[in-house]
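The values are calculated or read from the model by the stated rules, or taken from the named source; none is laboratory data. For clarity, every value in this text was computed on a predicted model and none was experimentally measured. Every residue, glycine among them, receives a Cβ derived from its backbone with ideal geometry; neighbour counts consider all protein chains shown. Calculation scope for accessible area: heavy atoms of the full protein, side chains included, ligands and nucleic acids excluded. Shrake-Rupley method; radii C 1.70, N 1.55, O 1.52, S 1.80 Å.
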Number of protein chains: 2
Amino acid sequence: MTKKVTIKDIARELNTNYSTVSRALNDSPKISDATKQSVLKQAKLMGYQPNSFAQKLKKGYSNTIGLIVPRINRVFFSNVIHGVETIAKQQGFNVIICQSNESVKDEEDNVKTLLSNNVAGIIMSISKETQNESSFQEILTNKIPFVMFDRALNNLVSNQVVNNNFKGAYEVTEHLIKQGYQKIIHFSGPLYINIYQDRLNGYKKALADYQIAFNPDFIIENTLTKDKGIAAVEELLKQKVDFDAIFASGDYSALGAILCLRQHHILVPEQVGVAGFANEPFTELLDITSVEQFSTEMGKSAASLLLEKVQRKEISDQYQNIEILPQLIIRKSTQKL
Amino acid sequence: MTKKVTIKDIARELNTNYSTVSRALNDSPKISDATKQSVLKQAKLMGYQPNSFAQKLKKGYSNTIGLIVPRINRVFFSNVIHGVETIAKQQGFNVIICQSNESVKDEEDNVKTLLSNNVAGIIMSISKETQNESSFQEILTNKIPFVMFDRALNNLVSNQVVNNNFKGAYEVTEHLIKQGYQKIIHFSGPLYINIYQDRLNGYKKALADYQIAFNPDFIIENTLTKDKGIAAVEELLKQKVDFDAIFASGDYSALGAILCLRQHHILVPEQVGVAGFANEPFTELLDITSVEQFSTEMGKSAASLLLEKVQRKEISDQYQNIEILPQLIIRKSTQKL
DNA sequence: TGTATTTGTGCAAACGTTTGTATTAAATAT
DNA sequence: ATATTTAATACAAACGTTTGCACAAATACA
C-alpha cells in the first residue's frame, strides 16, 4: 500500500501552500489560471486522489445516499437499484445498498449502518415482517430525508413512490372482457397485503363497470407460485368450473396455469385467456400478457424525490406521494381476437 | 438536521477528557470498568453515533470494499452481489457497488470513485469493451487487494474466481450423447470471448471422447438471443440439416430454438433435445436442461478471497485462481430416455 | 519510609481536507 | 511619487476521531 499523495505533497513540489492547491483543485476564482494549470498538471502527474474522508469530515456531509431493499437479487429490486444508481450518479451521489433479507432486525442494523455513514438520505422498501416504524425510528428522529417505495406502511405519513395496483388490475380485467372473456377467475395473493387487495379491487371494479356479476367463488387466494397456479387449475378442472379466463396477481402462477392448461390440451388463448402481473422477464419470452410495473422508473422517481429533498435541505412536513402508473402489456396469451 | 453528538460533548457532560471517552467506547484495557460503564451510558443517553469519516480519516482505512459489475440488474450479477454482500457483512465490511454499463470509461470512473473512497479492496468483472488493464491500472499501482470474477483478462495475472466453462460444456454434451443424441448442433457466442471458446472446446472434447466426428458446420456462432435461436433453427430446417440435438451456449437461444421447433411441430425432447447454459430462472420454469453457474457462490468466493487478502494485508505476488465447478441441471428438454 | 511499579486519565498531535483571515505584490487611482 | 485598491497567495484553525506520551494517584516492593 504505497503512501497516498496529498495536497501537501503537491504544494511542496510546487513550492506553494497547500491551501492554494486545494483552491486550485476546487477551481476557486481566487486562484490565477496559471497556477490552476500547474497544480492540475502536477496533481495528475503524481496521481493525486482526494481523500474523501477528509473532505466529508470537513464539509460535514457526504454525497452518499442509502438504499434498503428486502433482497438485492430479485428482478424487481435489482431494477429499482439500477434506477436509483442512475439518478444518484447523475447528480454526483453514491449509493450504499443494504438488504434487509425480509427481517426487521436486519432492517434496523441497516439503518444504523447508514446513519453512522452519514448518508444524506435514505430510500427503503420495508421487509414483509415490518409492521411499524420502530426499526427506522432513528431516521425519523434524525430528520434526514426519507423516501419509501413499493411497500410502505399505510398508517405512516411519509414520502412515497408506489404503484397504482388498482389501475393495473382494472386494465387487465377490462382487456380480458373486451377480448370476449366473460368468466374470469382471479388468482390473488394474501389479501392482508395491500397490493393484492388493491388488485382484487381493480378486478371487481372492472367487472362492475362492464355489468358482469362478481362471483366470490372465482377468487382463489394463494401464494402465487408456479405450483399453486398448476394446482389451482387442476382443481378448477376437477370441479368442472366453467371459466374462460384467468387473471393471476402474479406471473408465476399465470405460468403454472398455462402449463397446466396446455397439459390438458386446452388452448390458450383460444379457449382460456391467461394474464399475469409484474411483467417478469419470462412473460415476454413466453408471450404472456402481464402488467409492467416500471421498476427502474420507480427507482429513478424515488431517487429524484429524495435528492430533491436533500439538495434543498427541506425536511418539512410536506410529504410527497408519487404514483407510478403501471402498463398493461398485451401478448398472445389473451389475444383471442 | 440536529447537531451531531461528539465524544467531546460526552466528555464535557462527564467532566472528563475526550480521549478517555474514545478509549472507553473502544473498550480499551487502560480504562476502568466504572468509567466505561458511565461513558457507555451517557453515549446511549445522548444518542451518540460515531462519525465514521473522522474514524476512517484517522485510521487511514475503511471497512469497505468495492464491487464493480457490468450491470446490476442482471440475474447473474445480482446474485453475485448478493453473495459478496453476505460474506462482507459477516466480516463487518460494507460494500460499495458500481456498475460499468459495459463501458470502459465508466469502469475507469468507478475505479477512481472507489479509490478515493479508500476501499480496502476491489472485486470486479470487466466490461465487454475492456481489452486491457488500463482502466484499472490505478488499482494495480495503488496495490490494494484485487479480485476479478467471471470475466477476466487472460493475459493478466491476478486473483480470479472463474467458472470452469470447459467442464460445464463437456458435461452437457456428454449428457446429450448418453441420451442417445448423435448429431448435436452447437450455438456458440462470439468466439473472441474466452468463455464461449472454452465451452466450444468442452463440446469438442466430449465428441472426441465418445468417438463422434466433429462437424464444423454444426457450429453456429451468434449472439445467443432468443431471436437468434429462432432464426438459427429456421435456417437449419430450411437447409434440411440432419440434427437431433442443440447445445446452446446461452439459455435465451435455447429457448428460441425450442419455441421454433414447437412451431414446426417437432417434439422436444423426443425428436430433438435442447440444452442451454447459465440456468436462467426461466429454464426451471420451462424445464429446459441447463448449467448452473453458482453465481451467489461465485460472489461469496470472490469476497472471501478478497477479504483474506485485506485482513492479512498481503499484497504479495501470490495470486490465487479459484475455479467454480458448474453443475449440469438435467430437465425434460433433453430427457429422451 | 522511600522508591519502583502499576493503573487510570489528561494532553496534544495527527489524519487530509476546507475556508476565513492575514499578508504580500502588483495594479490602479490620486 | 504616494496612497489605495485589487489580485494572488500564505497562514492557521477547524472537522471528530485515534493514539503516543506525560502525568498523577494508587499500589507494590525493598
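Key figures
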read-out	value
The stretch A:201-226 residues that are within 14 Å of chain B (Cβ to nearest Cβ), paired with ones that are open to solvent by 30 Å² or more (accessible area, probe 1.4 Å) (beta carbon under 8 Å, 6 or more apart)	A:Leu224/A:Tyr252; A:Thr225/A:Tyr252; A:Lys226/A:Tyr252; A:Lys226/A:Leu259
Which numbered condition B:Ile97 misses (of (1) among the aliphatic types (A, V, I, L, M); (2) open to solvent by less than 10 Å² (accessible area, probe 1.4 Å); (3) within 16 Å of DNA strand C (Cβ to nearest atom))	(3)
Restricting the stretch B:32-68 to residues that are hydrophobic (A, V, I, L, M, F, W, C) and within 23 Å of B:Gln311 (Cα to Cα), the residue that is most open to solvent (accessible area, probe 1.4 Å)	B:Leu57
Some residue of the stretch A:40-51 being within 16 Å of DNA strand D (Cβ to nearest atom), away from chain B (no Cβ under 13 Å), part of a helix (DSSP H, G or I) and not hydrophobic (A, V, I, L, M, F, W, C)	yes
Subset tally (residues that are more than 8 Å from DNA strand D (Cβ to nearest atom) and among the aliphatic types (A, V, I, L, M)) for the stretch A:22-39	2
Which numbered condition B:Ser135 fails, given (1) among the small types (Gly, Ala, Ser); (2) surrounded by fewer than 23 Cβ atoms within 10 Å (Cβ to Cβ); (3) more than 10 Å from chain A (Cβ to nearest Cβ)	(2)
Meets criteria (assigned to a helix (DSSP H, G or I) and either in contact with a Ser or Thr (Cβ under 9 Å, 6 or more places away or on another chain) or under 12 Å from B:Ser333 (Cα atoms) (or both)) for B:Ile258	yes
Selected residue [more than 15 Å from A:Gln327 (Cα to Cα), surrounded by fewer than 16 Cβ atoms within 10 Å (Cβ to Cβ) and assigned by TED's automatic domain parsing to the domain that holds A:Gly180] from A:Leu255, A:Leu267	A:Leu267
Verdict on A:Glu85 being among the charged types (D, E, K, R) and within 13 Å of chain B (Cβ to nearest Cβ)	yes
Residues of the stretch B:157-195 classified as touching a Gly at 6+ places or on another chain (Cβ under 6 Å) and open to solvent by 40 Å² or more (accessible area, probe 1.4 Å), total	2
Filtered residue count, the stretch B:1-31, keeping only those that are open to solvent by less than 60 Å² (accessible area, probe 1.4 Å) and without any contact (Cβ under 8 Å) to a residue 12 or more places away in the chain	4
